[in-house]
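Below is one structure, written out as structure tokens, with a few remarks after it.
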Amino acid sequence: PAHCHTKYRPSDQHAVMSLFHDGILEHVYPAFFKAMSHQDHVGIALSICMAGYVLGGSSYFQALLFGSAWAGLIYYSCHDIYESYMKRRLSTDMVDIQASYLENPDNGFWVAEADVNGQSKVVGMVFAQDAVDGSYGELSHMVVPFPWRRKNLGSQLTWKALDFCKERSYERLVVDVSSPQTAAISLYQKSGFVQTASHSNTHTNHCSINDLSCLVFHFSLIYYVYTCTPDSPLLTTTKKQTNKKS
């Protein structure tokens with residue numbers, strides 16, 4: 001069985017960095033397929049295949065070769081964006097999580113642990129931080145590896161962050177996800193988060209990986225909000241559902 005720590009421990013540093021590394025890179029394939037299916041990229045791919053067909057003297061092989069080269073470029077771009085972001089974070093704020101995230105008492109970082117062959121292993125994490133004006137919290141760094149999904153860990157971590165925000169009387173907890181992150185979107189919707197906005201007009205000076213991927217590949221950036229009211233029907237209903245699954 002897995003459980004959540006109420007506080008990140010320095011001994012979790014290596015495991016958390018490894019989770020963050022894998023969690024960021026797992027977005028490459030969904031981003032690639034989402035990008036390739038976008039109407040703009042489909043049009044470009046067809047044009048490139050046609051050019052290969054014509055330049056190759058009506059060669060279907062040349063058309064396929066040109067199309068494959070375009071797909072390879074898109075995949076490389078996806079991988080480069082996520083890998084660059086991951087490496088930058090691992091060499092800056094993630095180097096010292098305690099100093100970067102937990103010096104502020106209104107921030108919280110939790111990990112989920114499971115017993116694996118008699119040893120405790122970190123199998124999930126989430127971070128909640130105080131917003132600039134202190135009226136609401138922001139959720140990020142939600143990672144649960146594939147082998148540990150569908151075991152209610154994502155819900156446990158989400159509710160840990162929600163309880164933390166309610167204890168600090170935050171009005172709401174907000175999170176942003178990009179459209180290829182279907183698993184995360186499903187988790188937040190089931191947990192009672194409500195979509196408040198969606199757009200693809202992003203800015204290059206924003207450090208978020210979601211903003212970068214939206215800018216380059218025309219994804220939608222989706223904002224979800226959970227309203228932290230003491231008697232929220234969503235809170236009561238969702239927690240009962242979560243307890244039944246546990």
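Data overview
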read-out	value
Portion, in percent, of the accessible area of segment 1-153 that falls on carbon or sulfur, probe 1.4 Å	59 percent
Accessible-area ranking of MET50, MET142, MET86, largest first, probe 1.4 Å	MET50, MET142, MET86
Accessible area in the full protein assembly, largest first, 1.4 Å probe, for TYR188, TYR29	TYR29, TYR188
For segment 1-121, with +1 on Lys and Arg beta carbons and -1 on Asp and Glu, the positive-most of PHE61, ALA15, GLN119 along the dipole	PHE61
Against the rule of thumb 2.2 N^0.38 Å, how large the Cα Rg of segment 94-171 comes out	1.18
Expected-Rg normalisation [2.2 N^0.38 Å, Cα atoms] applied to segment 2-227	1.17
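The values are calculated or read from the model by the stated rules, or taken from the named source; none is laboratory data. Note that the structure is predicted; figures quoted are calculated from it, not measured. Here the Cβ is made from the backbone with ideal geometry for all residues, glycine too, and neighbour counts use every protein chain on show. These accessible areas exclude ligands, DNA and RNA; they are computed on the full protein's heavy atoms, side chains included. Shrake-Rupley method; radii C 1.70, N 1.55, O 1.52, S 1.80 Å.
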